[in-house]
Amino acid sequence: MKGNISPGDKIFKIASKTLSDEAEFTFSGKEIKKVKLNCKISIKKDSPISVFIKPDREYEHYKNVSITLKSDIIPSVAINHPISKKKIITQFSKTTDTPFEFSKIEIDLDEGLYISKISDINALRRDALKRLEELVCLKFTRVPINFKQRIFNDKCHNTIKTSLCLMEMNSAFDYSKLEDVDRVYIPLKFFEYSKYKDCISAINKKFDTYIYLPTILTSNYYNLIWNTINSALTQYTISGFVFSNISSFLKIKEPEYEKYDFIANYTLNTFNNYSIQELSRIGVDTVTLSPELNKDDIKNMNSNIDKELIVYGRLKVMSSRYCLLGHSNICYPTCDSKCRENKKYYLKDRLGFLFRVIPDNFQSVTNIYNSKILSINPNDLNIDYARINILEENIDEINNVISIVKSGSRLEGQNYTNGHMNRNV
């Protein structure tokens, strides 16, 4: 031992092979939860060795299950080293790679006997446990059922309409200059701040306006969230809500909100007709399809409610309940409020791609967006609404995107991606 060491200094153990081996076993893929068994082994002179095994208690799937097995092993008379009960118990207890372990092993052993191959004892244990497992598996025989296929009637699709989702807003923009949009989604946080009041009013006078509810709803902001919603419903003509999780949907389905339209966001992972049918059953008016679906999947979707697909915008890749700028999961009064500065923040990956980071001090949530901008041709996709997500585009750029989507085209270049349109999930 080297260093400045004196008698009486404390010594700390920093490694333990036993503890490390135990920890490694927990993620080795081997069985950890074991069924405990009782075992009786009979080893008699001039007789084959026999074993009887049964569970030590009434497990759910092991009721009335037991196994008795006789081997071909006939012990001989020992000359020097007779086999002991301890040796047999040691060999029979090696059940590491099985879902079993022995809680009790009884040995009926005649004195002075010898077994030439210990491996024969191991083989007997493996055979007995295998047969016990097979008996239990027989209880899980699949029974065919009569399955009636459900048929989904698709609604009639006319001209694709356009939804505009303003993920970020700029109080200096004149949103009255927006053109050719059927409905606009405004995130709830912007209804809380007075500086966006004129922007929201300009939008509300011209377009059907929807409140876009946050993906994360934290309990300590619960009252603020619903007070903001009710205040917005009083000040503006709101057509409905875009909800991102079931908990917020259950709240806005209460009687005081029943006159509004309900749009299920893509975060509900609508992948198939059954998902759409279930959302329709509980009162959803429009469903936003998962952006992970490919072109064929979307074309095969049938529904009696409106289907929407995001055809443009940076998709959110993560929402974190933590502020990367303030290094905290809550907004403190002493925070230097970098989120309020007119700066852009990014995360750079190992390939040099930049992922936009936008802090949201409404709930101390950080949203991270993809480095590529999704751009899809909406033609022939069997959808009712083409949704455009806006993050940092100005009014002219927004109108240009709307025009391109309406014309059935897409933007191309190194900054754009068509997502999963030509891929499988």
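Taking K343 as meeting all but one of (1) at pLDDT 90 or above; (2) out of contact with any helix residue (DSSP H, G or I) (no Cβ under 6 Å at 6 or more places or on another chain), write down the number of the exception.
Every condition holds for K343 apart from (1).
In segment 349-363, how many are touching a Lys or Arg at 6+ places or on another chain (Cβ under 7 Å) and of a type outside the set (D, E, K, R)?
Of the residues in segment 349-363, 2 are touching a Lys or Arg at 6+ places or on another chain (Cβ under 7 Å) and of a type outside the set (D, E, K, R).
Can you tell me which residues in segment 95-127 are surrounded by 14 or more Cβ atoms within 10 Å (Cβ to Cβ) and in a loop (DSSP other than H, G, I, E, B)?
Correct list: T95, T98, P99, D110, I115.
Quick check on segment 190-202. Is at least one of its residues at pLDDT below 95, within 32 Å of the chain's Cα centre (by Cα) and either in a strand (DSSP E or B) or within 21 Å of D384 (Cα to Cα) (or both)?
no
For segment 378-406, which residues satisfy the criterion of being of a type in the set (S, T, N, Q) and modelled with pLDDT of 90 or more?
Scanning segment 378-406 gives N389, N394, N399, N400, S403.
Does at least one position in segment 294-304 carry a residue that is of a type outside the set (A, V, I, L, M, F, W, C), touching a Lys or Arg at 6+ places or on another chain (Cβ under 6 Å) and either modelled with pLDDT of 90 or more or assigned to a strand (DSSP E or B) (or both)?
Among the residues of segment 294-304, not one is of a type outside the set (A, V, I, L, M, F, W, C), touching a Lys or Arg at 6+ places or on another chain (Cβ under 6 Å) and either modelled with pLDDT of 90 or more or assigned to a strand (DSSP E or B) (or both), which makes the answer no.
Name the residues in segment 238-265 that are touching a strand residue (DSSP E or B) at 6+ places or on another chain (Cβ under 7 Å) and of a type in the set (S, T, Y), would you?
Within segment 238-265, the first condition is being touching a strand residue (DSSP E or B) at 6+ places or on another chain (Cβ under 7 Å), and the residues that meet it are 238-243, 249, 252, 260-265.
Selection gives S239, Y260.
Quick one: S42 ticks every box in (1) in contact with a Ser or Thr (Cβ under 6 Å, 6 or more places away or on another chain); (2) loosely packed, with under 14 Cβ neighbours inside 10 Å except a single one, so which number is it?
Only one criterion is unmet by S42, namely (2).
Only residues that are in contact (Cβ under 8 Å) with a residue 40 or more places away in the chain and either assigned by TED's automatic domain parsing to the domain that holds F190 or under 26 Å from the mean Cα position of the chain (by Cα) (or both): list them for segment 338-359, please.
Initial filter on segment 338-359 (in contact (Cβ under 8 Å) with a residue 40 or more places away in the chain): 344, 356, 358.
Selection gives R356, I358.
Being among the aromatic types (F, W, Y) and in a loop (DSSP other than H, G, I, E, B) is the filter; apply it to segment 242-292 and report the residue that is farthest from Y312 (Cα to Cα).
In this case the residue turns out to be Y260.
Could you list all residues from segment 41-93 that are under 45 Å from the mean Cα position of the chain (by Cα) and closer than 14 Å to D120 by Cβ?
Q91, F92
Against the definition (loosely packed, with under 14 Cβ neighbours inside 10 Å, among the hydrophobic types (A, V, I, L, M, F, W, C) and free of Cβ contacts under 8 Å to residues at least 60 places away in the same chain), how does V317 come out, yes or no?
Taking the combined requirement at face value, the residue satisfies it.
Checking F102 against (1) out of contact with any strand residue (DSSP E or B) (no Cβ under 6 Å at 6 or more places or on another chain); (2) aromatic (F, W, Y); (3) in contact (Cβ under 8 Å) with a residue 40 or more places away in the chain, which test does it fail?
(1)
Yes/no per residue for (1) without any contact (Cβ under 8 Å) to a residue 24 or more places away in the chain; (2) under 23 Å from L188 (Cα atoms); (3) in the same structural domain as P187 (by TED's automatic domain parsing):
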residue	(1), (2), (3)
D336	yes, no, no
L381	no, no, yes
I388	no, yes, yes
S403	no, no, yes
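Looking only at segment 292-303, count every residue that is within 21 Å of F249 (Cα to Cα) and out of contact with any helix residue (DSSP H, G or I) (no Cβ under 6 Å at 6 or more places or on another chain) and tell me the total.
Taking segment 292-303 first, the residues within 21 Å of F249 (Cα to Cα) are 303.
When the remaining residues are screened for being out of contact with any helix residue (DSSP H, G or I) (no Cβ under 6 Å at 6 or more places or on another chain), the result is none.
Number of matching residues: 0.
Give Y322, Y312 a once-over and let me know the one that is crowded, with 17+ Cβ neighbours inside 10 Å, within 24 Å of L166 (Cα to Cα) and not basic (K, R).
Y312
For residues that are among the aliphatic types (A, V, I, L, M) and assigned to a helix (DSSP H, G or I), scanning just segment 1-28, find the one that is nearest to T98 (Cα to Cα).
Start the filter on segment 1-28 by keeping residues that are among the aliphatic types (A, V, I, L, M), which leaves 1, 5, 11, 14-15, 19, 23.
After this cut, where a residue has to be assigned to a helix (DSSP H, G or I) as well, the list is 19, 23.
On the way: L19: 22, A23: 18 Å.
Only one residue fits best here, namely A23.
Any chance you could count how many residues in segment 49-84 are of a type outside the set (S, T, N, Q), closer than 28 Å to E134 by Cα and surrounded by 14 or more Cβ atoms within 10 Å (Cβ to Cβ)? Break it down into steps so the answer makes sense when it comes.
Keep residues of segment 49-84 that are of a type outside the set (S, T, N, Q), which gives 49, 51-63, 65, 67, 69-70, 72-75, 77-79, 81-83.
Narrowing the set further to residues that are closer than 28 Å to E134 by Cα leaves 49, 51-63, 65, 67, 69-70, 72-74.
Checking the rest, the ones that are also surrounded by 14 or more Cβ atoms within 10 Å (Cβ to Cβ) come to 49, 51-56, 62, 65, 67, 69, 73-74.
Going through segment 49-84 one residue at a time, the tally reaches 13.
The values are calculated or read from the model by the stated rules, or taken from the named source; none is laboratory data. A quick note: this is a predicted structure, and the numbers were derived from the prediction, not measured. Cβ coordinates were reconstructed from backbone atoms using ideal geometry, including for glycine residues, and neighbour counts include every protein chain displayed.
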